[in-house]
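Undergrad: Here it is: the structure, laid out below.
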Amino acid sequence: MPAFLLALWQGLAGAGLLPAAVLPSPALVLATLIAMAQSGEMAQAIGATASRLAWGFVLGATTGTVLGGLCGASPLARRMLDPLVQSLRSVPSLAWVPLFILWLGIFEASKITLVAVGVFFPVYLNLLGGIANVDRKLLEVGQVHGFSRLRRLLRIQLPAALPAYVLGLRGGLGLGWMFVAAAELLGAANGLGFILDDGEQTGRPERVLAALLLFGICGKLTDTIMAALGRHLVAWQDTARA
Amino acid sequence: MPYALDITDLEKSYGESRVLGPINLHLTPGTITAIIGRSGCGKTTLLRCLGGLETPTSGGIKVGDGNVRQRDIGYVFQEPRLMPWLSVAKNTAFGLKGIKRQARDEAVAEALKLVGLTEAAGLLPKQLSGGMAQRVALARALAPRPALILLDEPFSALDPFTREQMQDHLLHLHGYYGATMVMITHDMDEALALAQRVIVLNGAPGKVIGDFTPDLPRPAARTSMAFFNWKRRITEVLSDRPAHRLSA
Ligand SMILES: Nc1ncnc2c1ncn2[C@@H]1O[C@H](COP(=O)(O)OP(=O)(O)O)[C@@H](O)[C@H]1O
Ligand SMILES: [Mg+2]
């Protein structure tokens, strides 16, 4: 089916039925990609975007893990922090941008922070939910064995929350890609988002399509890696816990 | 040392409705007591109170001298409740703490041998049948060698053959380390084969309506006349129920 669509698209474009200024032919997009690869522009753009994403992901996932774990483990921390986090969540994420730019400038820091905000929420929510929703029946097993709160957290709640946490990380990564694209569109001197913006400004849709394609491929790639890592993590949990 | 169990004026209500009590019972250390009664009559609630999982609305429970640590009580739930991320061996070791690795491994091996699951030590819960899972749950409760063991219909999910085998295991176990055991069952044969004392509960709210001390040899010959007579006497107390099987 995708191959058929591609052939149809190429056929229509080749026959001159699709004006190149609207939808350039696949061949042209491919040629653009090859040119970008040869000039080193592609590697440079992917590198810039991936580095923003990576820093933002680490920052957002770490904060989400620490706060989610804290609120999950301690009802007190949860009562104090969770309402705040929930109210921040209702702010549309892109609305943070002006504030970040005022605080952190227009360069890397504000972009990375925006990505981190995107990554934070799914990680935080999934970990907290995972810990809070552990089956009461399993918790009672700890209770009849006289577990302390710490032991209950380590031996029951955290392992039981792991699958939800892994899902949160994966969702966070997906949102991270969305937010890095947004951050770069809003003003960057390099990166895949910059190529998008630049293609639009200079009226070259083949560059826009090439950048979109690269976003898609990279996003899918990291998601696949993350999913495999997650499966590995849960499988290890199944078999190798002391 | 097995514990005595003293239950005085125990009552449990959920909201306005009393589901249990008042109940007064004294259980002798080292004995097996079976509790039978119809579905919903409060058997599980009683056991949960004894195990510290529910706080009685009023009345008292005294286990041993009253200073018993939670970990000296073993509890087998109606469902296996295994940790899905742990192997059979690690599930069995779940309640063991503060002991050396070697002692732990020995306790696990012994408990698994007792329930006939030595071969399954490395399997995950998702790879077990219902009956196997319930045997792991039993092994988990036995491994710490508790002085009081509370069992909520532990064998009702097992096939008849495995059930009898497990009953024999339990008697054997009781014979050589002598914990006090309280066991809920809906199987009159099981109650009579294992227990020195059979308590019959009646529902809404749950009260003791029968208290029997069958003096059968153990393991009791299930086909003997004495066995059959006790069965009839107890069934009479449960009146309009079919002869030998009482639903949980
Ligand atoms: N957490 C609860 N809240 C309200 N009612 C309960 C709760 N647990 C049990 N009950 C009620 O208490 C009664 C006794 O239940 P249970 O002890 O589970 O009976 P059994 O184990 O004998 O079948 C039932 O009527 C049940 O509906
Ligand atoms: Mg019950």
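Undergrad: Using the Cα centre of chain A as origin and beta-carbon charges of +1 (Lys, Arg) and -1 (Asp, Glu), tell me which of A:Val97, A:Tyr124, A:Ala37 is placed farthest towards the positive end of the dipole.
TA: Toward the positive end, the furthest listed residue is A:Tyr124.
Undergrad: Quick one: which residues, 5+ away or cross-chain, put their amide H under 5 Å from the amide H of B:Leu20? H built at 1.01 Å from N.
TA: Amide H neighbours of B:Leu20: B:Lys12, B:Gly206.
Undergrad: From Cα pairs below 8 angstrom and at least 6 apart in sequence, can you work out the relative contact order of chain B, rounded to a whole percent? Write down the numbers at each step before the final one.
TA: Details: 498 pairs, mean separation 68.0, N = 248.
The value is 27 percent.
Undergrad: Something else about it: Using a simple charge model, +1 on the beta-carbon of Lys and Arg, -1 on the beta-carbon of Asp and Glu, nothing else, what dipole does the stretch A:27-233 show about its Cα centre, in debye to the nearest 20?
TA: Once rounded to the nearest 20, the dipole reads 1100 debye.
Undergrad: If you average the C-alpha positions of the stretch B:23-68 and of the stretch B:189-221 separately, how far apart do those two centres end up, in angstrom?
TA: If we compute the Cα centre of each part, the gap is 15 Å.
Undergrad: Taking 0.36 nm per intervening residue step and subtracting the Cα-Cα distance, what contour gain separates B:Ala221 from B:Ser39 on full extension? If you can, show how the numbers build up before the last one.
TA: Working: separation 182, 0.36 × 182 = 65.52 nm, distance 2.75 nm.
Between B:Ala221 and B:Ser39, full extension yields 62.8 nm more.
Undergrad: I'd like the antiparallel share, as a percent to the nearest 5, of DSSP beta bridges with both residues in chain B.
TA: About 50 percent, rounded to the nearest 5.
Undergrad: Sketch the reach of a paramagnetic label on B:Asp6 as a point 7 Å from Cα along Cα-to-Cβ, and name the residues of the stretch B:53-67 whose backbone nitrogen lies under 15 Å away.
TA: B:59-67
Undergrad: Rounded to the nearest 5, what % of the DSSP beta bridges within the protein assembly as shown are antiparallel ones?
TA: Numbers: 18 of 37 bridges.
Roughly 50 percent of the DSSP beta bridges within the protein assembly as shown come out antiparallel.
Undergrad: Which whole number gives the average, over all residues in B:78-90, of C-beta atoms from other chains lying within 10 Å of the residue C-beta?
TA: Other-chain Cβ atoms within 10 Å of each residue's Cβ, averaged: 4.
Undergrad: Here's something else I'd like to know. List the aspartates and glutamates whose alpha-carbon lies under 20 Å from that of B:Lys12, not counting same-chain residues fewer than 8 positions away?
TA: A:Glu140, B:Glu54, B:Asp152
Undergrad: Using the basic label-point model (7 angstrom from Cα toward the beta carbon), what is the A:Thr224 to A:Ala15 distance in nanometres?
TA: Going by the 7 Å Cα→Cβ label model, 3.4 nm.
Undergrad: Among B:Leu114, B:Met225, B:Gln167, which residue has its Cα positioned farthest towards the positive end of the charge dipole of the stretch B:76-232, with +1 placed on the Cβ of Lys and Arg, -1 on the Cβ of Asp and Glu, and the dipole taken about the Cα centre?
TA: Of the candidates, B:Leu114 comes out farthest on the positive side.
Undergrad: With +1 assigned to the C-beta of every Lys and Arg and -1 to the C-beta of every Asp and Glu, and no other charges, what is the dipole magnitude of the protein assembly as shown about the Cα centre in debye, to the nearest 20?
TA: I would put it at about 900 debye.
Undergrad: What list of ³J(HN,Hα) values in whole Hz, one per residue of the stretch A:214-228 in order, does the Karplus curve 6.51 cos²θ - 1.76 cosθ + 1.60 (θ = phi - 60°) give from phi, with Gly and Pro shown as x?
TA: Result, ordered by residue: 5, 4, x, 5, 5, x, 5, 4, 5, 5, 4, 4, 4, 5, 5 Hz.
Undergrad: Placing +1 at every Lys and Arg Cβ and -1 at every Asp and Glu Cβ, with all other atoms neutral, what dipole size does the stretch B:80-146 have around its Cα centre, in debye to the nearest 20?
TA: The calculation lands at about 240 debye.
Undergrad: Follow-up. Would you grab the residues whose amide H sits under 5 Å from the one on B:Ile149? Only those 5+ places off in sequence or on another chain, please, with H modelled 1.01 Å from N.
TA: Excluding prolines and chain starts, which carry no amide H, the hits are B:Gly74, B:Thr180, B:Met181, B:Val182.
Undergrad: Hey, another quick one. Using θ = phi - 60° and the Karplus relation 6.51 cos²θ - 1.76 cosθ + 1.60, list the HN-Hα couplings for the stretch B:141-147 in order, rounded to whole Hz, with x at every Gly or Pro.
TA: 6, 7, 3, x, 6, x, 8
Undergrad: Below 8 Å between Cα atoms, with a sequence gap of 6+, how large is the relative contact order for the stretch A:27-233 in percent?
TA: Worked out over the stretch A:27-233, it gives 27 percent.
Undergrad: If r is the Cβ-Cβ distance from B:Phe228 to B:Gln127 and R0 is 35 Å, what FRET efficiency results, to the nearest 0.05?
TA: On the way: r = 41 Å, r/R0 = 1.17.
Computed FRET efficiency for B:Phe228 and B:Gln127: 0.30.
Undergrad: Run through the stretch A:44-147 and list the chymotrypsin sites (Phe, Trp or Tyr not before Pro) located in a DSSP loop whose Cβ has at most 12 other Cβ atoms within 10 Å. Don't skip to the end; give the middle numbers.
TA: Working: sites: A:Trp55, A:Phe57, A:Trp96, A:Phe100, A:Trp103, A:Phe107, A:Phe120, A:Tyr124, A:Phe147; in loops: A:Phe107, A:Phe147.
When the chymotrypsin sites (Phe, Trp or Tyr not before Pro) of the stretch A:44-147 are filtered for loop state and at most 12 Cβ neighbours within 10 Å, A:Phe107 remain.
Undergrad: Can I ask one more? May I ask for the distance between the Cα centers of the stretch A:121-194 and the stretch B:104-135, given as a whole number of Å?
TA: Using only Cα atoms, the two centres lie 32 Å from each other.
Undergrad: Can you tell me which of A:31-37, B:193-199, B:206-212, A:1-7 comes out highest on packing, and rank the rest after it, using the mean Cβ neighbours within 10 Å?
TA: Packing proxy ranking, top to bottom: B:193-199, B:206-212, A:31-37, A:1-7.
Undergrad: To the nearest whole number, what is the average tally of beta carbon atoms from other chains within 10 Å of the beta carbons of peptide A:137-143?
TA: 5
Undergrad: Per-residue ellipticity at 222 nm for the protein assembly as shown, helices alone: DSSP H runs ≥ 4 residues times -39500 (n - 2.57), over residue total, nearest 500 deg cm²/dmol?
TA: -18000 deg cm²/dmol
Undergrad: Which one of B:Gly206, A:Leu213, A:Leu6 is farthest out on the positive end of the charge dipole of the protein assembly as shown, using unit charges on Cβ (Lys, Arg +1; Asp, Glu -1) and the Cα centre as origin?
TA: The residue sitting farthest along the positive end of the dipole is B:Gly206.
Undergrad: Right, something else. Each residue of the stretch A:88-96 in turn: what ³J(HN,Hα) in whole Hz from Karplus with 6.51, -1.76, 1.60 and θ = phi - 60°, glycine and Pro shown as x?
TA: Those phi angles translate into 5, 5, 7, 7, x, 4, 5, 5, 6 Hz.
Undergrad: Sticking with this one: Modelled label-to-label distance, B:Glu106 and A:Gln201, 7 Å Cα→beta-carbon offset: nm?
TA: 7.7
Any read-out appearing in this document is the output of simple, stated calculations on the displayed coordinates, not a laboratory observation. Only a predicted model underlies this, so the values are computations on that prediction, with no experimental measurement involved. For neighbour counting, all protein chains shown are included, and Cβ atoms are generated from backbone atoms with ideal geometry for every residue, glycine included.
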